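Encoded as structure tokens, the structure appears first; notes follow it.
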Amino acid sequence: MKLLQDLSYAELSKAVAEKGFESYRADQLNALKISNRDYSSATNLPKKLISAFESEYVAKASEIVERICGRDGAEKYLFAMTDGNVVEGVFMPHDYGNTLCISTQVGCRMGCKFCASGLNGLKRNLSSGEMLSEVAAVNALHGGNSIKRAVTNIVLMGSGEPLDNFDNVVKFLKEINDGKGLNISLRNVSLSTSGLSQKIKDLANTGLGVVLSVSLHAATDEKRSAIMPVNRSNPIASVMEAADYYFKKSGRRVIFEYALGRHNSDAASAAELAALLKGKNAHVNLINLNFVKERGMRGLNRAEIERFMSELKKRGVSCTLRRSMGADIEGACGQLRIKYLREHDIAGASERRADTDKKDVSDA
Ligand code: SAH
Ligand code: SF4
């Protein structure tokens with residue numbers, strides 16, 4: 001079965017015309033699409049139209065199967081896709097709006113040594129409609145619509161490497177920005193990548209202008225390759241060159257993510273990071289490494305974090321420590337899914353590497 005949410009407004013209009021219905025029916029189906037609802041909720045749709053569409057398209061690409069609310073207003077969700085695969089998302093309310101962190105793939109094949117999302121490898125890509133469904137579901141859950149949105153900002157920082165699912169992610173970005181869709185400004189969207197250099201340039205060339213975050217986590221190839229296998233095929237120099245290109249093309253300052261642990265937080269590491277970013281219009285987002293049991297890597301205490309920050313600041317590096325929202329409900333990226341798979345005894349929790357994960361990351 002195909003997904004209604006995979007159709008752009010133009011494609012939806014075409015399908016409506018081909019099936020012999022009036023053009024305004026496309027708007028009614030579009031309303032379902034952007035609020036993640038089933039055909040049954042659309043009382044304004046004739047039975048004939050519903051049966052013509054439901055035999056070909058599933059209306060709702062995902063369902064929220066778990067919702068965990070934190071004390072600070074943050075919420076964590078598990079979205080089940082129509083094939084039973086689950087991915088996670090996090091909602092974070094702020095003064096300026098509400099941010100939703102979404103997943104772009106089921107699992108991930110990049111194999112970073114600190115991350116829970118990659119523990120079982122990559123299962124499959126999410127389609128643009130499945131990503132849209134994550135946003136639409138949470139927007140609707142919080143009483144939002146396309147005019148008054150409850151989700152105003154989106155970060156592609158859940159499970160998956162967005163640039164490893166390039167075409168679907170680009171389609172998704174166009175979709176959420178569409179005037180007929182949720183109409184979310186792409187200035188409010190951040191894409192985080194482990195650093196696929198060529199794809200960063202390709203993204204720059206789309207002209208979409210989303211905020212680019214590069215997960216750096218170490219400033220020498222030796223240290224970075226030890227924790228991020230993707231660095232072997234995309235060494236730091238190539239990532240920095242691509243980030244410069246992104247900045248030139250988009251005019252948007254690139255953010256560098258740096259998750260602090262024992263392995264990358266001594267004074268020498270701070271000096272290396274400062275040297276790498278010298279003269280660049282860049283900002284460093286420090287995150288304290290979240291402990292993932294299966295990975296065994298630990299973050300720092302407050303004093304150690306402050307020491308690292310002052311080492312950076314004295315060398316003129318612009319940096320902030322990312323506030324960890326939903327600390328009481330949190331697990332690091334990908335942990336909730338792993339827990340769910342384990343509790344529901346779903347294959348994937350026990351499998352070492354997913355079948356679709358045969359391709360090595362050095363091909364990325
Ligand atoms: N694949 C993309 C986006 C998803 S991961 C990427 O790697 O950038 C989103 C962010 O969470 C990345 O910066 C990633 O390095 C970070 N991350 C993963 N596991 C983490 C952990 N255990 N603690 C802190 N940050 C983590
Ligand atoms: Fe994949 Fe990002 Fe996790 Fe690395 S940090 S395994 S790229 S999701």
For each pair in 76/171; 19/60; 14/60; 123/313; 60/123; 180/278, compute the distance between the two Cα atoms and list the pairs where it is over 31 Å. 123/313; 180/278
I need the chymotrypsin sites (Phe, Trp or Tyr not before Pro) found in the range 60-134, filtered to DSSP loop residues with at most 15 other beta carbons within 10 Å of theirs. 96
Assuming 0.36 nm per residue, please report the length gained on full extension of the stretch residue 298 to residue 145 beyond their Cα-Cα distance. 51.0 nm
Size of the dipole of the range 1-60 about the Cα centre, Lys and Arg at +1 and Asp and Glu at -1 on the beta carbon, nothing else charged, in debye to 20? 120
Multiply the residue gap between residue 56 and residue 95 by 0.36 nm, knock off their C-alpha separation, and tell me the result in nm, one decimal place. 9.8 nm
To the nearest 500 deg cm²/dmol, what mean residue ellipticity at 222 nm is calculated for the chain from DSSP H runs of n ≥ 4 alone, each contributing -39,500 (n - 2.57), summed and divided by the residues? -10000 deg cm²/dmol
Rounded to a whole number, what % of the accessible area of the chain do carbon and sulfur atoms account for, probe 1.4 Å? 49
Using a 7 Å offset from the Cα along the Cα-to-Cβ direction at both residue 183 and residue 233, what is the distance between the two label points in nm, to one decimal? 4.1
Average Cα contact separation per residue, the chain, under 8 Å, 6 or more apart, as relative contact order %: 17
Percentage relative contact order, the range 159-229, counting C-alpha pairs under 8 Å, at least six apart: 28
Three-way shape call for the range 1-60 based on the alpha-carbon gyration tensor, with the a/c threshold at 1.5: rounded
Folded to 0 to 90 degrees: helix 9-18 orientation relative to the chain principal axis, Cα: 20
Using the heavy atoms of the protein chains and a 1.4 angstrom probe, tell me the accessible area per residue for the chain in square angstrom. 43
Once the piece of chain linking residue 37 and residue 18 is laid out straight, how much longer is it, given 0.36 nm per residue of separation minus the C-alpha distance between them? 4.6 nm
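The values are calculated or read from the model by the stated rules, or taken from the named source; none is laboratory data. This one's a predicted model, so the numbers in the text were calculated from it and none came from an experiment. Note that we place each Cβ from the backbone using ideal geometry, even for glycine, and neighbour counts take in every protein chain shown. When the accessible area is computed, the model is the full protein with side chains, heavy atoms only, and any ligands, DNA or RNA have been set aside. Shrake-Rupley method; radii C 1.70, N 1.55, O 1.52, S 1.80 Å.
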